[in-house]
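Trainee: First the structure, which I've put down as structure tokens, then a few questions once you've had a look.
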Amino acid sequence: MRSPAVTALQGALAAEHAACWGYAVAGAHLSGSWQDAARQDWAAHAMARDALAGMIAARGQAPAAAQAFYRLPFPVRDAASAKALAALLEDGVTRAYLGVVAVADLALRAFGAMAMQGPAQRAAFWRGSTEAFPGMA
Amino acid sequence: MPGTLARRRLLASAAALPLLLGTAGCQAADLFAGPDPLAARPRLSPTVIALQEVIAAEEDLIRRYRPAVGRPPGPPELAPLLGQHEQHLARLRDRLLEPPGARPPRGQAIPGPPHAEVTVARLRAAEQASAAALVQRLATAEPSVAQLFASIAACHVTHAAVLSGLGG
């Protein structure tokens, strides 16, 4: 039976998979320093994805695989919509790590809280403003 | 009148209770084993204590921001950050249910300079310290409150990044 901790980690992994896919879409509509930022953020998500897969495997479960295709929440055709997509992806990852904070395992709680700080910062970067309650909206 | 009958039966049972206890050789006080639950104010739960301390720290952050926001020509970026701290305080207070008259503990706030000397660099340091302290408190809070602490900590980290951009 899957534990709540593994379920929460699988949720975070699914969000990281989606972010990796989404950044590839967003990056294609960005250029210059914005594209550099997208590339850097994609790399951060790929690292986090691999780390989560390792944590899930260490708990004796199979890490969830990425989907072949993700439905975009809105058409991405230019830099503005690409930045909006990046912010949305980061919101999703932040929310998923907040789910990890609710588990009983205290080490995982702390992990979730620390892990959500990176995507919260990146969401603020892409949105151009901070939010009072990252991951809770 | 079934309602009246039921009430009469209940009253008769209540009247008979001391008699039953007496014949069984026990007194009403024996029904409560252990310390008298009404003898003292109930202990605060770890979650309530954590909330009180986080509220005190958030109030301290707000006290630090206010002079910096009000001082012309303060950076315009500070006002939205102060507004978000005020949102944090309101949400934290909503989660805190404590007896009337109970006061949050003092002296739990992050130590810092007198608030008149607040600079962008000091605000950034206070945001970072507060974020770290919030993560430290996760273990003592119930899950939903731990999530609130983690979200506020993440917000403080984003504030610190904004303040870094201001040269803090």
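The values are calculated or read from the model by the stated rules, or taken from the named source; none is laboratory data. Keep in mind that what you see is a predicted model, and the values were worked out from it rather than measured. When we count neighbours, we look across all protein chains shown, and the Cβ atoms used for this are built from the backbone with ideal geometry, even at glycine.
Trainee: Just checking, which of A:86, A:68 is more than 10 Å from chain B (Cβ to nearest Cβ), of a type outside the set (Ser, Thr, Tyr) and touching a residue at least 60 places away in the same chain (Cβ under 8 Å)? If you could, list the steps in order and put the result at the bottom.
Mentor: On the way: A:68 fails: touching a residue at least 60 places away in the same chain (Cβ under 8 Å).
Step by step, each of A:86, A:68 is checked, and only A:86 is more than 10 Å from chain B (Cβ to nearest Cβ), of a type outside the set (Ser, Thr, Tyr) and touching a residue at least 60 places away in the same chain (Cβ under 8 Å).
Trainee: Here is a list: A:36, A:41. Which entry is surrounded by 15 or more Cβ atoms within 10 Å (Cβ to Cβ), part of a helix (DSSP H, G or I) and out of contact with any strand residue (DSSP E or B) (no Cβ under 8 Å at 6 or more places or on another chain)?
Mentor: Criteria check complete, one pass: A:41.
Trainee: Of the residues in segment A:31-53, how many are free of Cβ contacts under 8 Å to residues at least 60 places away in the same chain and within 16 Å of the chain's Cα centre (by Cα)?
Mentor: Of the residues in segment A:31-53, 13 are free of Cβ contacts under 8 Å to residues at least 60 places away in the same chain and within 16 Å of the chain's Cα centre (by Cα).
Trainee: Any chance you could count how many residues in segment B:103-149 are in a helix (DSSP H, G or I), among the charged types (D, E, K, R) and modelled with pLDDT of 95 or more?
Mentor: Summing the residues that are in a helix (DSSP H, G or I), among the charged types (D, E, K, R) and modelled with pLDDT of 95 or more in segment B:103-149 gives 2.
Trainee: Return the residues of segment B:153-168 that are within 7 Å of chain A (Cβ to nearest Cβ) and in contact (Cβ under 8 Å) with a residue 12 or more places away in the chain; say none if nothing qualifies.
Mentor: Those that are within 7 Å of chain A (Cβ to nearest Cβ) and in contact (Cβ under 8 Å) with a residue 12 or more places away in the chain: B:153, B:154, B:155, B:157, B:159, B:162.
Trainee: Do we have residue A:84 as surrounded by 15 or more Cβ atoms within 10 Å (Cβ to Cβ) and either farther than 24 Å from residue B:143 by Cα or under 12 Å from the mean Cα position of the chain (by Cα) (or both) here?
Mentor: yes
Trainee: Identify all residues within segment A:28-42 that are of a type outside the set (Asp, Glu) and farther than 26 Å from residue A:6 by Cβ; write none if there are none.
Mentor: A:28, A:29, A:30, A:31, A:32, A:33, A:34, A:35, A:37, A:38, A:39, A:40
Trainee: Within segment A:45-59, is there a residue that is crowded, with 19+ Cβ neighbours inside 10 Å and either more than 16 Å from residue A:9 (Cα to Cα) or charged (D, E, K, R) (or both)?
Mentor: Within segment A:45-59, one or more residues are crowded, with 19+ Cβ neighbours inside 10 Å and either more than 16 Å from residue A:9 (Cα to Cα) or charged (D, E, K, R) (or both).
Trainee: Out of all the residues in segment A:97-112, is one or more under 18 Å from residue A:35 (Cα atoms) and under 14 Å from the mean Cα position of the chain (by Cα)?
Mentor: Of the residues in segment A:97-112, the ones under 18 Å from residue A:35 (Cα atoms) are none.
The answer is no, given that none of the residues of segment A:97-112 is under 18 Å from residue A:35 (Cα atoms) and under 14 Å from the mean Cα position of the chain (by Cα).
Trainee: Now a separate question. I'd like to check something: does segment B:39-46 contain any residue that is assigned to a helix (DSSP H, G or I), surrounded by 15 or more Cβ atoms within 10 Å (Cβ to Cβ) and either out of contact with any strand residue (DSSP E or B) (no Cβ under 6 Å at 6 or more places or on another chain) or outside the structural domain of residue B:123 (by TED's automatic domain parsing) (or both)?
Mentor: No, segment B:39-46 contains no residue that is assigned to a helix (DSSP H, G or I), surrounded by 15 or more Cβ atoms within 10 Å (Cβ to Cβ) and either out of contact with any strand residue (DSSP E or B) (no Cβ under 6 Å at 6 or more places or on another chain) or outside the structural domain of residue B:123 (by TED's automatic domain parsing) (or both).
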